[in-house]
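Enquirer: Sharing a structure here in structure tokens format.
The values are calculated or read from the model by the stated rules, or taken from the named source; none is laboratory data. Keep in mind that this is a model prediction, so the values were computed, not measured. Glycine gets a Cβ as well: all are built from the backbone with ideal geometry, and neighbour counts include every protein chain shown. The area values use the complete protein model at the heavy-atom level, side chains included, leaving out ligands, DNA and RNA. Shrake-Rupley method; radii C 1.70, N 1.55, O 1.52, S 1.80 Å.
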Amino acid sequence: MPVHVVHKPSFLDMVLPPLHEAFGGHLDVDGSVVITELSPALGAPNRSLHQAPINVIAEAAAMAGLQRTTGTADFQVNHWTIQFIKPGSVGPFRARATVRPSRDGRWYGVDVDVVDEGQDRRLIANISALFSHADGAG
């Protein structure tokens, strides 16, 4: 006898958290993004914070900074350069963004510093990014 399926759940039905939350990060009240501790899942083989969560919290901090500055998060990244400075191995890890709009408002330069607060706020990565409005307006 055939089985009648009323609803078959799919991945499209799932509500997923923001990527920085999936990596254990949260948005702090000051607009920075923080990963509280170094878990085995986030660690590189040398027992330091892996580059993936560093990029993820940096991007989340950049977007939070853009939203604070402009009132919208409707941006796309046009350029992303990251420099890994020193390993971060203690935590908490904090990404903080500084936004610099162009004179005509079409472009936004964003600098993000990622620090290991448990190692005397050691700078572990620095990001320079360029964003524009996703719809091309500005």
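Enquirer: Which three semi-axes in whole Å describe the equivalent ellipsoid of the range 40-102, each the square root of 5 times a Cα gyration tensor eigenvalue, listed largest first?
Expert: Semi-axes (√(5λ), whole Å): 26, 11, 10.
Enquirer: Pick out, in residue order, every one of the trypsin sites (Lys or Arg not before Pro) in the range 36-124 that is DSSP loop and has at most 11 other C-beta atoms within 10 Å; say none if there are none.
Expert: Arg47, Arg103, Arg121
Enquirer: Can I ask one more? So if each residue of separation counts as 0.36 nm, and I subtract the Cα-Cα distance between Asp120 and Leu16, what length gain in nm does that give?
Expert: 34.0 nm
Enquirer: So how strong a dipole does the chain carry about its Cα centre when Lys and Arg Cβ are +1 and Asp and Glu Cβ are -1, to the nearest 20 debye?
Expert: Computed about the Cα centre, the dipole is about 220 debye.
Enquirer: Which order do you get for Met14, Met63 if you rank them by accessible area with a 1.4 Å probe, largest at the top?
Expert: Ranked from most to least accessible, the order is Met14, Met63.
Enquirer: Using a Gaussian network model of the chain with C-alpha springs under 10 Å, which one of Leu38, Leu16, Leu27 is most mobile by mean-square fluctuation?
Expert: Sorting by GNM fluctuation, first place goes to Leu16.
Enquirer: Using the alpha carbon gyration tensor of the chain, what are the three equivalent-ellipsoid semi-axes (square root of 5 times each eigenvalue), largest first, in whole Å?
Expert: Calculated on Cα positions only, the semi-axes equal 30, 25, 12 Å.
Enquirer: Kindly write out, for the range 77-92 in residue order, the coupling ³J(HN,Hα) from the Karplus curve 6.51 cos²θ - 1.76 cosθ + 1.60 (θ = phi - 60°), rounded to whole Hz, with x marking Gly and Pro.
Expert: So the Karplus estimates, Gly and Pro as x, are 7, 10, 7, 9, 10, 10, 10, 8, 8, 9, x, x, 10, 10, x, x Hz.
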